[in-house]
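Before any comments, here is the structure.
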Amino acid sequence: MATTISQFLGIRDHIPQCRDRLRSSQDFQTLEQDFENALAAVSPTVSPTVSPTVSPADQPAPTVADQDPARDRPPVPAPIPPGVYPALVERVLERLSSLMDVDIGEGVLGKIWSGDPALQDYGDPQDYPPEEELLVPLVDHAIETAYYPVIEPIWQSLSLGTLEFEISLELLLEGVILTVQGGKILEARLGSCVASGSLRWGALIILAKESEAIEFPGTVQFAQPLPLKPQDAPQASDAAKN
């Protein structure tokens with residue numbers, strides 16, 4: 001039963017296909033060259049040579065800095081062997097899948113409902129006493145949300161830049177009834193939910209799923225009651241290093 005965004009899209013189940021699709025794109029081939037350029041940019045500087053107009057005997061005694069100008073410079077990463085790229089891409093996709101382990105019931109639907117302006121009145125204690133439990137039916141509706149996770153590949157302690165992905169999700173919901181008490185959503189009863197979504201890197205569609213039903217238990221109980229107050233839609237944009 002798909003309960004998270006990652007499970008619904010099947011990222012973990014399709015890592016080899018996603019890897020091949022990503023690596024075969026022209027943009028990723030350009031990115032590989034960018035990675036190589038990032039490594040070349042930190043190549044060691046050639047140490048200055050002794051001036052030919054001064055004999056070695058007349059050359060001043062070198063200072064510590066003169067002896068080794070690069071002594072405090074961090075080790076220079078070795079070039080990335082071509083065979084490393086498939087493993088690097090797989091690691092990026094695995095990390096992406098972990099970032100998208102967001103529960104669709106609580107992490108997506110619950111947070112969006114709790115910030116819905118149309119439901120804010122149910123949080124008014126003067127009109128709805130805290131001890132009163134309310135059943136609030138919702139009209140059939142669609143929810144659209146997007147996430148922009150950022151992955152930062154690391155090669156031998158050197159950042160290779162960042163990869164920003166876009167994950168979109170659309171949910172068509174019918175027969176939803178919320179249980180509200182004390183200005184908080186306690187649970188939701190769902191009739192049906194049909195979802196579609198995609199994983200993109202730039203213009204490249206890496207993975208897509210269309211119009212598939214998501215099976216929820218009869219009632220989705222939220223681990224923590226969700227306060228009815230305006231808030232941003234959930235995002236996943238924290239950079240993750242690999």
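Quick check, is LEU93 surrounded by 11 or more Cβ atoms within 10 Å (Cβ to Cβ) and not in a helix (DSSP H, G or I)? Explain how you work it out, then say what you get.
Numbers: surrounded by 11 or more Cβ atoms within 10 Å (Cβ to Cβ): yes; not in a helix (DSSP H, G or I): no.
Against the criterion (surrounded by 11 or more Cβ atoms within 10 Å (Cβ to Cβ) and not in a helix (DSSP H, G or I)), LEU93 does not qualify.
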Are there any pairs with C-beta distances below 7 angstrom linking a residue in the range 142-157 that is within 16 Å of GLU106 (Cα to Cα) and of a type in the set (Val, Ile, Thr) to a residue that is part of a loop (DSSP other than H, G, I, E, B) and open to solvent by 10 Å² or more (accessible area, probe 1.4 Å), with the two at least 6 apart or on different chains, and if so which?
-> THR145/ALA233; THR145/PRO234
Tabulated pairs, the range 91-102, first closer than 14 Å to PRO16 by Cα, second in a helix (DSSP H, G or I) and among the β-branched types (Val, Ile, Thr), C-beta under 9 angstrom, 6+ apart or interchain | LEU93/ILE15; GLU94/ILE15; SER97/ILE15
Residue within the range 161-172 that is modelled with pLDDT under 90 and over 23 Å from the mean Cα position of the chain (by Cα) present = no
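Applying the selection to the range 1-55, what residues are closer than 30 Å to VAL108 by Cα, at pLDDT below 85 and surrounded by 11 or more Cβ atoms within 10 Å (Cβ to Cβ)? I'd like the intermediate steps shown before the answer.
Kept after step one, since they are closer than 30 Å to VAL108 by Cα, are these residues of the range 1-55: 1-22.
Next, only the ones that are at pLDDT below 85 stay: 1-3.
The answer is ALA2, THR3.
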Log entry, pairs with first residue in the range 170-199 being among the aromatic types (Phe, Trp, Tyr), second being open to solvent by 40 Å² or more (accessible area, probe 1.4 Å) and not in a strand (DSSP E or B), beta carbons closer than 6 Å, six or more apart or on different chains, reads none
Selected residue [modelled with pLDDT of 90 or more and open to solvent by 50 Å² or more (accessible area, probe 1.4 Å)] from ALA239, ALA208, ALA213 = ALA208
Per the filter on the range 71-115, residues hydroxyl-bearing (Ser, Thr, Tyr) and at pLDDT 90 or above are SER97, SER98, SER114
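The values are calculated or read from the model by the stated rules, or taken from the named source; none is laboratory data. Small disclaimer: the values here were computed from a predicted structure and weren't measured. Positions of Cβ are backbone-derived with ideal geometry, glycine not excepted, and every protein chain shown enters the neighbour counts. Note: accessible area is taken over every heavy atom of the protein model, side chains too, but ligands, DNA and RNA are not part of it. Shrake-Rupley method; radii C 1.70, N 1.55, O 1.52, S 1.80 Å.
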